[in-house]
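Structure first, then comments.
The values are calculated or read from the model by the stated rules, or taken from the named source; none is laboratory data. It should be emphasised that the depicted structure is a prediction, and the values quoted were computed from it without experimental measurement. Don't worry about glycine lacking a Cβ; one is built from the backbone with ideal geometry, like all the others, and counts go over all protein chains shown.
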Amino acid sequence: MTKQHISAELRKFIKEHIQTAPKLEVLLLLHRRRDKTFAVEEVANELGFDIDTAREQLNALRALELVQAGADETKYWFHPVNAELSSMVDQLAIAYRKQRVPILSAILAEDPTKHRRFVEAFKLARTND
């Protein structure tokens, strides 16, 4: 089996814009269903997150200009501010389908404590079922 790699450009995008697995999952959900607007509760339900986590991730993505929000901040949709960001998210979505482990490794490599928090997040999600 060959080792999978992601481009330096994509690795830089992940480091600067993604940083967490929950943010990645929210971004990819909105990207995948870009013709839809989502309420915070819908994102939380789709991904198995609590509402506060979904809201936090949506607002972080909005601050990065990857997601837009309605005036009342109850609906969000995928709408990067420029073609470059849109292209990077397209590349990320394709890479994530084929190279999930390298993408997650790039996220987790930035902060060693993320490994523990990543596992704990899944434990919390299971106890909330």
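Quick one: how many residues across the stretch 32-53 are in contact with a Leu (Cβ under 8 Å, 6 or more places away or on another chain), crowded, with 18+ Cβ neighbours inside 10 Å and either assigned to a helix (DSSP H, G or I) or modelled with pLDDT under 95 (or both)?
2
For the stretch 110-118, check the following and say yes or no: at least one residue is over 13 Å from residue 31 (Cα atoms), at pLDDT 90 or above and surrounded by 16 or more Cβ atoms within 10 Å (Cβ to Cβ). Write out each step before concluding.
Our first condition is that a residue be over 13 Å from residue 31 (Cα atoms); within the stretch 110-118, this holds for 110-118.
With at pLDDT 90 or above added as a condition, the list becomes none.
No: the stretch 110-118 contains no residue that is over 13 Å from residue 31 (Cα atoms), at pLDDT 90 or above and surrounded by 16 or more Cβ atoms within 10 Å (Cβ to Cβ).
Based on this model, can you work out whether residue 56 counts as assigned to a helix (DSSP H, G or I), out of contact with any Cys (no Cβ under 6 Å at 6 or more places or on another chain) and among the charged types (D, E, K, R)?
Working: assigned to a helix (DSSP H, G or I): yes; out of contact with any Cys (no Cβ under 6 Å at 6 or more places or on another chain): yes; among the charged types (D, E, K, R): yes.
Judged against the criteria, residue 56 is a match.
Would you point out the residue of the stretch 65-81, among those that are modelled with pLDDT of 95 or more and outside any strand (DSSP E or B), that is surrounded by the most Cβ atoms within 10 Å (Cβ to Cβ)?
66
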